[in-house]
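Undergrad: Once you've had a glance at the structure underneath, I'll fire off some questions.
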Amino acid sequence: MNQMYKISFLKKIFILSVLLLLFIIISAFSYVNAISTHLSESVFRLHILANSNSVEDQNLKYKVRDRIIDYMNSLTKDCSSKQDVIQVAKQNLTNFENIAKEVITESGYNYNVSVSIDNVSFPTKTYGDISLPAGFYDALQIKIGNSNGQNWWCVMFPPLCFVDISSGIVPEESKQMMKSELSDEEFQIVSKHTPEMNFKFKLIELFTNMANTLTAKK
């Protein structure tokens, strides 16, 4: 009798442990989904794909990048929201394409260029002292030639494309703009490198990478 009671008790403990584990996983997933979704909705990025990984094609990518960023910055300097920046980008897709083609021709190449605004999968990326977790973000995407080379990313809103990576400092104006778009919790996750925030950041990375892997297999 005692043996049966003991087995029954252990079964209950096991079931409760499994239910607790499921609750923790579901809660963590809900938290990650809420944070990553709002981060994605608050950020607009630039994504440039080089024709190949040759030194020449990579250098060409950077030339296109510099010209595009200069032009985009002149257009969006007075924009105060992601929606404003996207609207400006949509209105200038042809201009972006022409600028990229001009740079390519000036450099002695005849690659095709495609320019679009898409929802793109990005890896984890650090801009100065701001880090964005992996995930899907809206982006101005520029594909050069075969677009088989290494990619280049930056954030057009809030404006982090001009961050001096060597100093590791994001301009205070850009930080304040990002802070106004995010909740206190979200801003701390991307900017405060404390053990607690690092853990939450890694949690977002883990679940997002798992979701990306499952999506890629479908």
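Undergrad: Take VAL55, VAL170 and order them by how many other Cβ atoms sit within 10 Å, fewest up front. Write out the running numbers ahead of the final one.
TA: Working: VAL55 8, VAL170 21.
So the residues, fewest neighbours to most, are VAL55, VAL170.
Undergrad: Whole-Hz ³J(HN,Hα) for each residue in the range 137-142, computed from phi via Karplus 6.51 cos²θ - 1.76 cosθ + 1.60 with θ = phi - 60°, x for glycine and proline: what do you get?
TA: 10, 5, 8, 7, 10, 10
Undergrad: OK, next. Would you mind classifying the range 17-93 by shape? Square roots of the alpha carbon gyration tensor eigenvalues, ordered a ≥ b ≥ c; an a/c under 1.5 is rounded, otherwise it is prolate if a/b is larger than b/c and oblate if not. Mind dumping the intermediate values first?
TA: Details: a/c = 5.03, a/b = 1.82, b/c = 2.77.
Because a/c hits 1.5 or more and a/b fails to exceed b/c, the range 17-93 counts as oblate.
Undergrad: Let me check against my output: what whole-number percent is the relative contact order of the range 73-207, with C-alpha pairs under 8 Å and at least 6 apart?
TA: Values: 136 pairs, mean separation 26.8, N = 135.
After rounding, I find 20 percent.
Undergrad: Residue-wise, which Karplus ³J(HN,Hα) couplings in Hz belong to the range 101-116, taking 6.51 cos²θ - 1.76 cosθ + 1.60, θ = phi - 60°, and x for glycine or proline?
TA: So the J values, rounded to whole Hz, are 4, 4, 5, 5, 5, 4, 8, x, 10, 10, 5, 6, 9, 10, 10, 7.
Undergrad: Now for a different question. Test of understanding: ordering HIS47, HIS193 by Cβ neighbours within 10 Å, fewest first, what list do you get? Spell out each step's value before the answer.
TA: Numbers: HIS47 20, HIS193 12.
Ordered by Cβ neighbours within 10 Å, fewest first: HIS193, HIS47.
Undergrad: Further, regarding this structure: When each pair of different Cα atoms in the range 43-217 is counted once in the 1/r mean, what is the Kirkwood radius in angstroms, to one decimal?
TA: Values: mean 1/r = 0.0586 Å⁻¹.
Computed over the range 43-217, the radius equals 17.1 Å.
Undergrad: Run the lone-cysteine check on the chain: no other Cys C-beta under 4.7 Å from the residue's C-beta.
TA: Flagged as lacking a Cys partner: CYS79.
Undergrad: Computed over the Cα atoms of the range 69-129, what is the ratio Rg over Rh, Rh following Kirkwood?
TA: Numbers: Rg = 14.0 Å, Rh = 13.7 Å.
The Rg/Rh ratio comes out at 1.03.
Undergrad: Here is a follow-up. Would you list TYR71, TYR127 from fewest to most Cβ contacts within 10 Å?
TA: Numbers: TYR71 14, TYR127 20.
If I rank by nearby Cβ atoms, fewest first, I get TYR71, TYR127.
Undergrad: Follow-up. When we measure straight from the Cα of LYS143, which lysines land under 26 angstrom away, once same-chain ones fewer than 8 places off are left out?
TA: In chain and number order, the partners are LYS61, LYS63, LYS77, LYS82, LYS90, LYS101, LYS125, LYS217, LYS218.
Read-outs: derived from the displayed coordinates by stated rules, not from any lab. Predicted model, so just to flag it, every value in this text is computed and none were measured. Don't worry about glycine lacking a Cβ; one is built from the backbone with ideal geometry, like all the others, and counts go over all protein chains shown.
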